Amino acid sequence: MATTARHMAQTGKTHSTGTGISVTGIIIGIIGCIIITASSVYTALKMGALPWPTIFTSITSLVLLRAFGHRSLNEANVTQIIMSAGSMVAGGLAFTIPGIWMLGLADQVNWVEMLLVALSGTLLGLVCTALIRRRLVEESDLEYPIGVAAAQTLEASQAGGATGLKLFGSMAVAGVWSVARDVFGAIPAMLCNLSIPGVSFGIYNSPMMLSVGFLVGGAAVAFWFAGAVFANFGIIVGGTKLGLFDLATAQGIVSSLGMGLMMGSGIGVVIRDIIPNLAKYLGGSGEKSARSSFRFLDAGVLALFTAGAALLIASGLGLSYAATAVIVVLSFVTTIMSAQSVGQTGIDPMEIFGLIVLLAVAALGEANQVKLFFVAGIIAVACGLGGDVMSDFKTGQLIGTNPREMWIGQAIGAFLGTAISVAVMVALVGAYGTDAFGPGKLFVSAQASVVATMVSGIPSVPAFLAGLVGGIVLYCLKIPAMMLGLGVYLPFYLSLSATIGALVKVLYDLVAGRKGDGTGELSHDDTGIIVASGLLGGESIVGVITALITVATGLLG
(Lines give C-alpha, C1' and ligand atoms only; values in the text may rest on other atoms or scores of the structure.)
Protein backbone atom coordinates (compact mmCIF):
# COMPACT_ATOMS: atom_id res chain seq x y z
CA MET A 1 0.00 0.00 0.00
CA ALA A 2 2.97 2.31 0.42
CA THR A 3 4.05 1.83 -3.20
CA THR A 4 3.66 5.50 -4.03
CA ALA A 5 5.84 6.80 -1.21
CA ARG A 6 8.46 4.08 -1.55
CA HIS A 7 8.62 4.65 -5.30
CA MET A 8 9.35 8.33 -4.73
CA ALA A 9 12.07 7.44 -2.27
CA GLN A 10 13.66 4.91 -4.61
CA THR A 11 13.68 7.33 -7.53
CA GLY A 12 15.70 9.83 -5.56
CA LYS A 13 13.04 12.32 -4.56
CA THR A 14 14.19 12.66 -0.97
CA HIS A 15 17.28 14.83 -1.22
CA SER A 16 16.02 18.38 -0.95
CA THR A 17 18.49 20.75 0.67
CA GLY A 18 18.20 23.95 2.62
CA THR A 19 16.87 24.97 6.00
CA GLY A 20 13.15 25.00 6.65
CA ILE A 21 12.96 27.89 9.12
CA SER A 22 13.51 31.50 8.11
CA VAL A 23 12.20 34.90 9.15
CA THR A 24 10.79 35.44 5.66
CA GLY A 25 9.03 32.08 5.73
CA ILE A 26 7.56 32.73 9.17
CA ILE A 27 6.19 36.14 8.14
CA ILE A 28 4.68 34.73 4.92
CA GLY A 29 3.29 31.79 6.87
CA ILE A 30 1.67 33.99 9.52
CA ILE A 31 -0.04 36.20 6.93
CA GLY A 32 -1.23 33.12 5.04
CA CYS A 33 -2.39 31.46 8.27
CA ILE A 34 -4.65 34.40 9.12
CA ILE A 35 -6.28 34.32 5.67
CA ILE A 36 -6.57 30.52 5.37
CA THR A 37 -7.87 30.06 8.93
CA ALA A 38 -10.55 32.72 8.51
CA SER A 39 -11.70 31.22 5.22
CA SER A 40 -11.69 27.73 6.73
CA VAL A 41 -14.05 28.74 9.55
CA TYR A 42 -16.46 30.33 7.09
CA THR A 43 -16.29 27.43 4.62
CA ALA A 44 -16.79 24.75 7.28
CA LEU A 45 -19.85 26.55 8.63
CA LYS A 46 -21.30 27.57 5.29
CA MET A 47 -20.74 24.44 3.22
CA GLY A 48 -20.46 21.70 5.84
CA ALA A 49 -17.10 20.75 4.33
CA LEU A 50 -13.49 21.83 4.54
CA PRO A 51 -11.04 21.29 1.67
CA TRP A 52 -7.68 20.86 3.38
CA PRO A 53 -5.37 23.49 1.87
CA THR A 54 -2.04 21.64 1.79
CA ILE A 55 -1.55 21.69 -1.99
CA PHE A 56 -2.68 25.29 -2.27
CA THR A 57 -0.42 26.47 0.56
CA SER A 58 2.54 24.48 -0.80
CA ILE A 59 2.39 26.26 -4.16
CA THR A 60 1.63 29.65 -2.60
CA SER A 61 4.56 29.35 -0.18
CA LEU A 62 6.95 28.34 -2.94
CA VAL A 63 5.89 31.20 -5.23
CA LEU A 64 6.07 33.85 -2.50
CA LEU A 65 9.41 32.62 -1.14
CA ARG A 66 10.93 32.64 -4.62
CA ALA A 67 9.84 36.25 -5.01
CA PHE A 68 12.26 36.96 -2.13
CA GLY A 69 15.01 34.81 -3.60
CA HIS A 70 14.38 31.73 -1.45
CA ARG A 71 14.26 28.43 -3.37
CA SER A 72 14.47 25.74 -0.67
CA LEU A 73 11.68 23.16 -0.83
CA ASN A 74 12.16 22.56 2.89
CA GLU A 75 11.51 26.23 3.60
CA ALA A 76 8.41 26.13 1.42
CA ASN A 77 7.17 23.04 3.26
CA VAL A 78 7.58 24.58 6.72
CA THR A 79 5.99 27.83 5.53
CA GLN A 80 2.95 26.00 4.18
CA ILE A 81 2.59 24.12 7.48
CA ILE A 82 2.40 27.48 9.28
CA MET A 83 -0.22 28.58 6.75
CA SER A 84 -2.38 25.47 6.97
CA ALA A 85 -2.17 24.45 10.65
CA GLY A 86 -4.75 27.03 11.71
CA SER A 87 -7.32 25.56 9.33
CA MET A 88 -7.21 22.33 11.32
CA VAL A 89 -8.07 24.21 14.51
CA ALA A 90 -10.82 25.99 12.57
CA GLY A 91 -12.30 22.69 11.42
CA GLY A 92 -12.31 21.23 14.94
CA LEU A 93 -14.23 24.21 16.33
CA ALA A 94 -16.61 24.73 13.40
CA PHE A 95 -17.55 21.03 13.28
CA THR A 96 -18.60 20.92 16.95
CA ILE A 97 -19.25 24.19 18.84
CA PRO A 98 -22.15 25.56 16.69
CA GLY A 99 -24.22 22.62 17.94
CA ILE A 100 -24.51 24.54 21.22
CA TRP A 101 -26.29 27.36 19.41
CA MET A 102 -28.57 24.92 17.58
CA LEU A 103 -29.79 23.58 20.91
CA GLY A 104 -30.55 27.11 22.14
CA LEU A 105 -27.76 27.12 24.71
CA ALA A 106 -25.86 30.15 23.39
CA ASP A 107 -26.12 31.98 26.73
CA GLN A 108 -24.12 29.20 28.36
CA VAL A 109 -20.94 29.65 26.33
CA ASN A 110 -18.70 32.65 25.71
CA TRP A 111 -15.62 33.44 23.66
CA VAL A 112 -13.26 32.69 26.57
CA GLU A 113 -14.55 29.14 26.83
CA MET A 114 -14.28 28.67 23.06
CA LEU A 115 -10.70 29.88 23.26
CA LEU A 116 -9.95 27.42 26.07
CA VAL A 117 -11.44 24.59 24.00
CA ALA A 118 -9.28 25.48 21.01
CA LEU A 119 -6.15 25.97 23.11
CA SER A 120 -6.64 22.68 24.98
CA GLY A 121 -7.06 20.79 21.72
CA THR A 122 -4.04 22.55 20.24
CA LEU A 123 -1.78 21.60 23.15
CA LEU A 124 -2.92 17.96 23.04
CA GLY A 125 -2.59 17.85 19.24
CA LEU A 126 0.99 19.11 19.40
CA VAL A 127 1.89 16.54 22.05
CA CYS A 128 0.33 13.73 20.04
CA THR A 129 2.17 14.84 16.90
CA ALA A 130 5.48 14.54 18.69
CA LEU A 131 4.62 11.10 20.06
CA ILE A 132 3.19 9.39 16.98
CA ARG A 133 4.93 11.01 14.00
CA ARG A 134 7.76 8.54 13.58
CA ARG A 135 5.65 5.45 14.04
CA LEU A 136 2.84 6.53 11.71
CA VAL A 137 4.88 8.33 9.07
CA GLU A 138 8.32 6.77 8.87
CA GLU A 139 7.76 3.26 10.19
CA SER A 140 4.27 2.50 8.86
CA ASP A 141 3.14 1.78 5.31
CA LEU A 142 0.34 4.35 5.39
CA GLU A 143 -0.01 6.07 2.02
CA TYR A 144 -0.91 9.69 2.98
CA PRO A 145 -2.17 10.57 -0.52
CA ILE A 146 -2.41 14.30 0.15
CA GLY A 147 1.10 14.43 1.58
CA VAL A 148 2.47 12.52 -1.40
CA ALA A 149 0.61 14.84 -3.76
CA ALA A 150 2.14 17.87 -2.03
CA ALA A 151 5.62 16.37 -2.34
CA GLN A 152 4.99 15.66 -6.02
CA THR A 153 3.89 19.26 -6.50
CA LEU A 154 6.98 20.72 -4.84
CA GLU A 155 9.33 18.36 -6.69
CA ALA A 156 7.65 19.06 -10.04
CA SER A 157 7.97 22.80 -9.54
CA GLN A 158 11.71 22.30 -9.23
CA ALA A 159 12.14 19.59 -11.85
CA GLY A 160 10.00 21.15 -14.61
CA GLY A 161 9.99 19.34 -17.96
CA ALA A 162 7.63 16.43 -18.58
CA THR A 163 6.98 15.83 -14.89
CA GLY A 164 5.91 19.42 -14.34
CA LEU A 165 3.74 19.35 -17.47
CA LYS A 166 1.94 16.21 -16.30
CA LEU A 167 1.37 17.49 -12.78
CA PHE A 168 0.37 21.08 -13.50
CA GLY A 169 -1.57 20.09 -16.62
CA SER A 170 -3.74 17.68 -14.64
CA MET A 171 -4.00 20.29 -11.89
CA ALA A 172 -5.36 22.79 -14.41
CA VAL A 173 -7.89 20.27 -15.75
CA ALA A 174 -9.19 19.54 -12.24
CA GLY A 175 -9.29 23.25 -11.46
CA VAL A 176 -11.33 24.12 -14.54
CA TRP A 177 -13.61 21.15 -13.86
CA SER A 178 -14.20 22.30 -10.27
CA VAL A 179 -14.93 25.89 -11.31
CA ALA A 180 -17.44 24.67 -13.89
CA ARG A 181 -19.11 22.50 -11.24
CA ASP A 182 -19.03 24.72 -8.14
CA VAL A 183 -18.99 28.26 -9.49
CA PHE A 184 -20.98 28.14 -12.73
CA GLY A 185 -23.06 25.01 -12.12
CA ALA A 186 -22.31 23.87 -15.68
CA ILE A 187 -21.82 20.26 -14.59
CA PRO A 188 -23.58 18.43 -11.76
CA ALA A 189 -21.89 17.70 -8.46
CA MET A 190 -23.48 14.25 -8.32
CA LEU A 191 -23.89 11.67 -11.08
CA CYS A 192 -26.05 8.56 -11.32
CA ASN A 193 -28.27 9.54 -8.42
CA LEU A 194 -30.73 6.88 -7.34
CA SER A 195 -33.60 7.51 -4.97
CA ILE A 196 -33.00 4.88 -2.29
CA PRO A 197 -34.48 5.73 1.12
CA GLY A 198 -31.71 6.26 3.65
CA VAL A 199 -28.89 5.78 1.12
CA SER A 200 -27.08 8.68 -0.55
CA PHE A 201 -26.44 6.73 -3.74
CA GLY A 202 -24.50 8.47 -6.47
CA ILE A 203 -21.05 9.24 -7.80
CA TYR A 204 -19.43 12.39 -6.49
CA ASN A 205 -18.23 14.28 -9.55
CA SER A 206 -14.92 15.04 -7.88
CA PRO A 207 -11.44 14.60 -9.39
CA MET A 208 -10.06 14.82 -5.85
CA MET A 209 -12.15 11.93 -4.53
CA LEU A 210 -11.36 9.74 -7.52
CA SER A 211 -7.67 10.54 -7.06
CA VAL A 212 -7.78 9.53 -3.41
CA GLY A 213 -9.12 6.13 -4.47
CA PHE A 214 -6.44 5.85 -7.16
CA LEU A 215 -3.58 6.77 -4.82
CA VAL A 216 -4.76 4.56 -1.96
CA GLY A 217 -6.04 1.66 -4.06
CA GLY A 218 -5.80 -1.99 -3.13
CA ALA A 219 -7.26 -3.81 -0.16
CA ALA A 220 -7.84 -0.66 1.88
CA VAL A 221 -10.43 0.67 -0.55
CA ALA A 222 -11.95 -2.79 -0.91
CA PHE A 223 -12.63 -2.96 2.83
CA TRP A 224 -13.85 0.65 2.76
CA PHE A 225 -16.38 -0.20 0.05
CA ALA A 226 -17.36 -3.47 1.73
CA GLY A 227 -18.28 -1.55 4.87
CA ALA A 228 -20.34 0.89 2.81
CA VAL A 229 -22.24 -1.87 1.01
CA PHE A 230 -22.93 -3.77 4.24
CA ALA A 231 -24.18 -0.68 6.07
CA ASN A 232 -26.26 0.86 3.31
CA PHE A 233 -27.66 -2.19 1.53
CA GLY A 234 -27.36 -4.80 4.24
CA ILE A 235 -28.64 -2.85 7.24
CA ILE A 236 -30.55 0.15 5.87
CA VAL A 237 -32.11 -1.33 2.73
CA GLY A 238 -32.19 -4.98 3.75
CA GLY A 239 -33.21 -4.40 7.35
CA THR A 240 -36.07 -2.06 6.46
CA LYS A 241 -37.30 -4.27 3.62
CA LEU A 242 -37.44 -7.25 5.97
CA GLY A 243 -39.29 -5.16 8.54
CA LEU A 244 -36.59 -5.59 11.19
CA PHE A 245 -36.57 -1.86 11.96
CA ASP A 246 -37.70 1.44 10.54
CA LEU A 247 -35.47 3.79 8.54
CA ALA A 248 -34.51 6.05 11.46
CA THR A 249 -33.56 3.05 13.58
CA ALA A 250 -31.51 1.57 10.75
CA GLN A 251 -29.60 4.81 10.28
CA GLY A 252 -28.94 4.97 14.03
CA ILE A 253 -27.59 1.42 13.95
CA VAL A 254 -25.29 2.29 11.05
CA SER A 255 -23.86 5.44 12.67
CA SER A 256 -23.38 3.63 15.99
CA LEU A 257 -21.75 0.62 14.35
CA GLY A 258 -19.42 2.84 12.33
CA MET A 259 -18.31 4.76 15.41
CA GLY A 260 -17.84 1.52 17.30
CA LEU A 261 -15.66 0.01 14.58
CA MET A 262 -13.48 3.11 14.44
CA MET A 263 -13.18 3.29 18.21
CA GLY A 264 -12.43 -0.44 18.38
CA SER A 265 -9.77 -0.02 15.74
CA GLY A 266 -8.19 2.73 17.85
CA ILE A 267 -8.15 0.49 20.91
CA GLY A 268 -6.68 -2.27 18.75
CA VAL A 269 -3.88 0.11 17.78
CA VAL A 270 -3.12 0.63 21.46
CA ILE A 271 -3.13 -3.11 22.19
CA ARG A 272 -1.22 -4.31 19.13
CA ASP A 273 1.01 -1.39 18.23
CA ILE A 274 1.37 1.26 20.92
CA ILE A 275 1.98 -0.74 24.08
CA PRO A 276 4.59 -3.09 22.52
CA ASN A 277 6.29 -0.13 20.81
CA LEU A 278 5.87 2.59 23.42
CA ALA A 279 9.58 3.41 23.43
CA LYS A 280 9.46 4.10 19.70
CA TYR A 281 6.56 6.49 20.11
CA LEU A 282 8.33 8.35 22.89
CA GLY A 283 11.67 8.68 21.19
CA GLY A 284 12.13 6.13 18.50
CA SER A 285 14.79 3.54 17.85
CA GLY A 286 18.40 4.52 17.74
CA GLU A 287 18.59 3.36 14.15
CA LYS A 288 17.07 6.60 12.85
CA SER A 289 19.14 9.71 12.37
CA ALA A 290 18.90 12.66 14.71
CA ARG A 291 17.49 14.61 11.77
CA SER A 292 14.32 12.53 11.78
CA SER A 293 13.91 12.40 15.56
CA PHE A 294 11.76 14.37 17.95
CA ARG A 295 14.28 14.14 20.78
CA PHE A 296 14.36 17.94 20.95
CA LEU A 297 10.92 17.78 22.50
CA ASP A 298 11.86 16.06 25.75
CA ALA A 299 9.56 14.48 28.27
CA GLY A 300 9.50 17.63 30.37
CA VAL A 301 8.09 19.78 27.57
CA LEU A 302 5.54 17.12 26.64
CA ALA A 303 4.48 16.86 30.26
CA LEU A 304 4.19 20.66 30.49
CA PHE A 305 1.94 20.82 27.42
CA THR A 306 -0.19 17.94 28.69
CA ALA A 307 -0.48 19.44 32.16
CA GLY A 308 -1.40 22.80 30.62
CA ALA A 309 -4.19 21.21 28.60
CA ALA A 310 -5.45 19.31 31.66
CA LEU A 311 -5.44 22.50 33.72
CA LEU A 312 -7.43 24.38 31.09
CA ILE A 313 -9.95 21.53 30.82
CA ALA A 314 -10.45 21.00 34.55
CA SER A 315 -10.16 24.54 35.87
CA GLY A 316 -11.07 26.67 32.89
CA LEU A 317 -13.90 24.56 31.46
CA GLY A 318 -15.07 23.01 34.73
CA LEU A 319 -14.89 19.34 33.77
CA SER A 320 -14.22 16.75 36.47
CA TYR A 321 -10.77 15.32 37.05
CA ALA A 322 -11.96 11.92 35.86
CA ALA A 323 -13.37 13.43 32.66
CA THR A 324 -10.14 15.39 32.16
CA ALA A 325 -8.09 12.21 32.47
CA VAL A 326 -10.31 10.44 29.94
CA ILE A 327 -10.01 13.34 27.49
CA VAL A 328 -6.22 13.44 27.74
CA VAL A 329 -5.79 9.67 27.36
CA LEU A 330 -8.34 9.27 24.57
CA SER A 331 -6.93 12.25 22.69
CA PHE A 332 -3.88 10.07 22.09
CA VAL A 333 -5.98 7.13 20.90
CA THR A 334 -8.28 9.17 18.66
CA THR A 335 -5.38 11.11 17.17
CA ILE A 336 -3.81 7.84 16.10
CA MET A 337 -7.15 6.83 14.60
CA SER A 338 -7.28 10.19 12.81
CA ALA A 339 -3.75 9.80 11.46
CA GLN A 340 -4.57 6.32 10.21
CA SER A 341 -7.69 7.53 8.47
CA VAL A 342 -5.79 10.39 6.81
CA GLY A 343 -2.97 8.05 5.88
CA GLN A 344 -5.29 5.59 4.21
CA THR A 345 -7.96 7.82 2.69
CA GLY A 346 -7.04 11.49 3.03
CA ILE A 347 -10.27 11.91 5.05
CA ASP A 348 -10.39 12.94 8.71
CA PRO A 349 -13.85 12.59 10.33
CA MET A 350 -12.62 14.60 13.32
CA GLU A 351 -16.08 15.32 14.68
CA ILE A 352 -16.70 11.57 14.89
CA PHE A 353 -13.63 11.11 17.04
CA GLY A 354 -14.88 14.00 19.16
CA LEU A 355 -18.23 12.25 19.50
CA ILE A 356 -16.57 9.04 20.63
CA VAL A 357 -14.82 10.77 23.53
CA LEU A 358 -17.93 12.84 24.26
CA LEU A 359 -19.86 9.61 24.77
CA ALA A 360 -17.11 8.21 26.99
CA VAL A 361 -17.24 11.31 29.20
CA ALA A 362 -21.05 11.18 29.25
CA ALA A 363 -20.78 7.58 30.48
CA LEU A 364 -18.87 8.90 33.50
CA GLY A 365 -21.94 10.89 34.49
CA GLU A 366 -21.31 14.26 32.86
CA ALA A 367 -24.77 15.52 31.96
CA ASN A 368 -24.08 19.17 31.13
CA GLN A 369 -24.67 19.39 27.38
CA VAL A 370 -22.45 22.42 26.83
CA LYS A 371 -19.51 20.72 28.55
CA LEU A 372 -20.03 17.67 26.33
CA PHE A 373 -19.70 19.94 23.30
CA PHE A 374 -16.48 21.24 24.80
CA VAL A 375 -15.19 17.67 24.96
CA ALA A 376 -16.01 17.06 21.31
CA GLY A 377 -14.37 20.35 20.32
CA ILE A 378 -11.14 19.61 22.19
CA ILE A 379 -10.78 16.18 20.58
CA ALA A 380 -11.73 17.42 17.11
CA VAL A 381 -9.04 20.11 17.26
CA ALA A 382 -6.46 17.62 18.56
CA CYS A 383 -7.33 15.14 15.81
CA GLY A 384 -7.10 17.84 13.17
CA LEU A 385 -3.65 18.87 14.34
CA GLY A 386 -2.31 15.42 15.15
CA GLY A 387 -4.01 13.63 12.26
CA ASP A 388 -4.16 15.85 9.21
CA VAL A 389 -0.72 17.31 9.85
CA MET A 390 0.76 13.84 9.33
CA SER A 391 0.25 14.46 5.61
CA ASP A 392 2.61 17.42 5.95
CA PHE A 393 5.14 15.28 7.79
CA LYS A 394 4.89 12.70 5.01
CA THR A 395 5.68 15.48 2.54
CA GLY A 396 8.64 16.41 4.72
CA GLN A 397 9.86 12.82 4.85
CA LEU A 398 9.78 12.58 1.07
CA ILE A 399 11.62 15.85 0.39
CA GLY A 400 13.90 15.74 3.43
CA THR A 401 12.54 18.42 5.77
CA ASN A 402 13.69 18.37 9.40
CA PRO A 403 10.79 17.18 11.66
CA ARG A 404 11.82 19.62 14.39
CA GLU A 405 11.36 22.57 12.04
CA MET A 406 8.03 21.22 10.80
CA TRP A 407 6.78 20.85 14.37
CA ILE A 408 7.80 24.42 15.17
CA GLY A 409 5.92 25.60 12.07
CA GLN A 410 2.90 23.57 13.15
CA ALA A 411 3.00 25.16 16.62
CA ILE A 412 3.21 28.70 15.22
CA GLY A 413 0.28 28.15 12.87
CA ALA A 414 -1.79 26.27 15.44
CA PHE A 415 -1.52 28.86 18.21
CA LEU A 416 -2.22 31.70 15.79
CA GLY A 417 -5.10 29.71 14.26
CA THR A 418 -6.58 29.24 17.73
CA ALA A 419 -7.02 32.98 18.17
CA ILE A 420 -8.17 33.62 14.59
CA SER A 421 -10.73 30.77 14.60
CA VAL A 422 -12.39 31.98 17.79
CA ALA A 423 -12.36 35.61 16.62
CA VAL A 424 -14.04 34.74 13.32
CA MET A 425 -16.70 32.58 14.98
CA VAL A 426 -17.48 35.34 17.48
CA ALA A 427 -17.67 37.87 14.64
CA LEU A 428 -20.07 35.69 12.64
CA VAL A 429 -22.34 35.15 15.64
CA GLY A 430 -22.29 38.88 16.31
CA ALA A 431 -23.13 39.69 12.70
CA TYR A 432 -25.78 37.04 11.98
CA GLY A 433 -26.94 35.77 15.38
CA THR A 434 -27.03 32.23 16.72
CA ASP A 435 -30.24 31.48 14.82
CA ALA A 436 -28.25 31.53 11.56
CA PHE A 437 -26.68 28.13 12.34
CA GLY A 438 -28.27 24.79 11.55
CA PRO A 439 -29.82 22.71 8.76
CA GLY A 440 -31.51 24.85 6.13
CA LYS A 441 -30.09 28.09 7.56
CA LEU A 442 -27.39 30.51 6.44
CA PHE A 443 -24.63 28.41 8.01
CA VAL A 444 -25.66 24.78 7.59
CA SER A 445 -22.95 23.51 10.01
CA ALA A 446 -23.68 19.90 9.06
CA GLN A 447 -21.09 18.23 11.30
CA ALA A 448 -22.05 20.29 14.33
CA SER A 449 -25.66 19.31 13.70
CA VAL A 450 -24.65 15.65 13.94
CA VAL A 451 -22.88 16.33 17.22
CA ALA A 452 -25.97 18.14 18.52
CA THR A 453 -28.09 15.12 17.63
CA MET A 454 -25.70 12.72 19.36
CA VAL A 455 -25.37 14.71 22.58
CA SER A 456 -28.50 12.95 23.80
CA GLY A 457 -26.71 9.58 23.55
CA ILE A 458 -25.73 6.72 21.25
CA PRO A 459 -28.61 5.84 18.90
CA SER A 460 -27.95 2.10 19.23
CA VAL A 461 -25.81 0.96 22.16
CA PRO A 462 -25.80 -2.72 21.07
CA ALA A 463 -24.54 -1.76 17.59
CA PHE A 464 -21.87 0.49 19.09
CA LEU A 465 -20.66 -2.26 21.44
CA ALA A 466 -20.67 -4.82 18.62
CA GLY A 467 -18.59 -2.46 16.50
CA LEU A 468 -16.25 -1.76 19.41
CA VAL A 469 -15.50 -5.42 20.05
CA GLY A 470 -15.39 -6.21 16.33
CA GLY A 471 -12.98 -3.34 15.68
CA ILE A 472 -10.56 -4.57 18.34
CA VAL A 473 -10.66 -8.16 17.14
CA LEU A 474 -10.38 -7.28 13.44
CA TYR A 475 -7.46 -4.92 13.96
CA CYS A 476 -5.58 -7.43 16.08
CA LEU A 477 -6.14 -9.92 13.22
CA LYS A 478 -4.58 -7.33 10.87
CA ILE A 479 -7.86 -6.63 9.11
CA PRO A 480 -8.39 -2.87 8.47
CA ALA A 481 -11.30 -2.24 10.82
CA MET A 482 -10.84 1.52 10.48
CA MET A 483 -11.59 1.30 6.76
CA LEU A 484 -14.64 -0.84 7.42
CA GLY A 485 -15.81 1.71 9.98
CA LEU A 486 -15.32 4.60 7.58
CA GLY A 487 -17.30 2.76 4.93
CA VAL A 488 -20.09 2.11 7.41
CA TYR A 489 -20.22 5.71 8.62
CA LEU A 490 -19.51 7.90 5.58
CA PRO A 491 -22.15 8.72 2.95
CA PHE A 492 -22.29 6.00 0.31
CA TYR A 493 -21.45 8.33 -2.58
CA LEU A 494 -18.01 9.09 -1.10
CA SER A 495 -17.19 5.40 -0.76
CA LEU A 496 -18.44 4.61 -4.26
CA SER A 497 -16.43 7.46 -5.79
CA ALA A 498 -13.21 6.38 -4.09
CA THR A 499 -13.81 2.80 -5.23
CA ILE A 500 -14.16 3.93 -8.84
CA GLY A 501 -10.81 5.68 -8.48
CA ALA A 502 -9.26 2.46 -7.18
CA LEU A 503 -10.72 0.52 -10.13
CA VAL A 504 -9.21 3.06 -12.51
CA LYS A 505 -5.86 2.31 -10.88
CA VAL A 506 -6.34 -1.40 -11.55
CA LEU A 507 -7.08 -0.69 -15.22
CA TYR A 508 -4.11 1.69 -15.40
CA ASP A 509 -1.80 -1.00 -14.04
CA LEU A 510 -3.04 -3.45 -16.65
CA VAL A 511 -2.72 -1.03 -19.54
CA ALA A 512 0.70 0.18 -18.42
CA GLY A 513 1.86 -3.44 -18.33
CA ARG A 514 3.57 -3.16 -14.99
CA LYS A 515 5.86 -6.02 -14.16
CA GLY A 516 7.60 -6.98 -10.95
CA ASP A 517 11.31 -6.21 -10.78
CA GLY A 518 12.20 -8.85 -8.23
CA THR A 519 12.29 -6.44 -5.30
CA GLY A 520 8.63 -6.63 -4.36
CA GLU A 521 8.02 -3.24 -5.92
CA LEU A 522 6.58 -2.35 -9.29
CA SER A 523 8.81 -1.17 -12.09
CA HIS A 524 7.05 1.59 -13.99
CA ASP A 525 6.96 5.27 -14.77
CA ASP A 526 5.01 7.32 -12.28
CA THR A 527 2.67 9.04 -14.73
CA GLY A 528 -0.46 7.72 -13.03
CA ILE A 529 0.72 8.87 -9.60
CA ILE A 530 1.68 12.31 -10.90
CA VAL A 531 -1.59 12.85 -12.78
CA ALA A 532 -3.68 11.67 -9.81
CA SER A 533 -1.72 13.98 -7.51
CA GLY A 534 -2.35 16.87 -9.90
CA LEU A 535 -6.09 16.18 -10.06
CA LEU A 536 -6.23 16.04 -6.27
CA GLY A 537 -4.28 19.27 -5.96
CA GLY A 538 -6.26 21.15 -8.62
CA GLU A 539 -9.60 20.65 -6.92
CA SER A 540 -8.23 21.43 -3.47
CA ILE A 541 -6.70 24.69 -4.73
CA VAL A 542 -9.98 25.77 -6.32
CA GLY A 543 -11.78 24.87 -3.10
CA VAL A 544 -9.54 27.15 -1.07
CA ILE A 545 -9.74 30.02 -3.58
CA THR A 546 -13.53 29.68 -3.69
CA ALA A 547 -13.57 29.77 0.10
CA LEU A 548 -11.51 32.96 0.15
CA ILE A 549 -13.86 34.62 -2.33
CA THR A 550 -16.89 33.39 -0.39
CA VAL A 551 -15.52 34.84 2.84
CA ALA A 552 -14.83 38.20 1.21
CA THR A 553 -18.23 38.47 -0.50
CA GLY A 554 -20.10 37.06 2.51
CA LEU A 555 -18.58 39.45 5.01
CA LEU A 556 -18.84 42.44 2.69
CA GLY A 557 -22.39 41.54 1.70
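Structure notes:
- Residue-wise HN-Hα couplings along the stretch 327-341, as the Karplus relation 6.51 cos²θ - 1.76 cosθ + 1.60 with θ = phi - 60° gives them from phi, are 4, 5, 5, 6, 4, 5, 5, 5, 5, 5, 4, 4, 5, 5, 4 Hz; Gly and Pro carry x.
- Area of Asp107 that stays accessible when all protein chains are in place (1.4 Å probe, Å², to 10): 130 Å²
- Phi angles of the stretch 249-254 translate, via the Karplus equation with coefficients 6.51, -1.76, 1.60 and θ = phi - 60°, into HN-Hα couplings of 5, 4, 5, x, 4, 5 Hz per residue; Gly and Pro are given as x.
- Per residue, in Å², the accessible surface of the stretch 96-215 once ligands and nucleic acids are set aside, probe 1.4 Å: 37 Å²
- Per-pair calculated FRET efficiency, R0 = 22 Å: Ala322 and Ile271 via Cβ, rounded to 0.05: 0.45
- Projecting label points 7 angstrom from Cα along Cα→Cβ for Leu364 and Phe68 puts them 4.4 nm apart.
- Under 5 Å, built H, 5+ apart or other chain: amide partners of Ser460: Ser256
- For the set Tyr321, Tyr508, the ranking by accessible area, highest first and with no ligand, DNA or RNA atoms included, is Tyr321, Tyr508 under a 1.4 Å probe.
- Note on Ala180 and Val469: the extension gain reaches 99.5 nm, defined as 0.36 nm multiplied by sequence separation minus the Cα-Cα distance.
- Residue-level accessible surface for Arg66, protein heavy atoms, 1.4 Å, Å²: 70 Å²
- Amide H to amide H, with H built 1.01 Å from N, Phe201 comes under 5 Å of Leu194, Ile196, counting only residues 5 or more places away or on other chains.
- With all protein chains in place and ligands, DNA and RNA left out, the 1.4 Å accessible area ranks Lys441, Lys505 as Lys441, Lys505, largest first.
- Segments 196-202, 33-39 sorted - mean Cβ within 10 Å per residue, highest first: 33-39, 196-202
- Nearest-0.05 FRET efficiency for Cys192 and Lys441, computed from C-beta distance (R0 25 Å): 0.25
- For the stretch 383-496, the square roots of the Cα gyration tensor eigenvalues, ordered a ≥ b ≥ c, give a/c of at least 1.5 with a/b no greater than b/c, which places it in the oblate category.
- Mean Cβ neighbour count within 10 Å, used as a protection proxy, ranking 243-254, 145-156 highest first: 145-156, 243-254
- Residue order by solvent-accessible surface for Tyr144, Tyr432 is Tyr432, Tyr144, largest first, with ligands and nucleic acids left out and a 1.4 Å probe.
- Derived scalar couplings ³J(HN,Hα) [the stretch 208-215; Karplus, 6.51 cos²θ - 1.76 cosθ + 1.60; whole Hz; x for Gly, Pro]: 5, 5, 4, 5, 4, x, 5, 6
- Tensor-based shape of the stretch 126-227 (alpha-carbon gyration tensor, a/c under 1.5 rounded, otherwise prolate or oblate): oblate
The values are calculated or read from the model by the stated rules, or taken from the named source; none is laboratory data. Worth saying up front: this structure is predicted, and the values here are computed from it rather than measured. Note that we place each Cβ from the backbone using ideal geometry, even for glycine, and neighbour counts take in every protein chain shown. Surface accessibility is based on the protein's heavy atoms, side chains included, excluding ligands, DNA and RNA. Shrake-Rupley method; radii C 1.70, N 1.55, O 1.52, S 1.80 Å.
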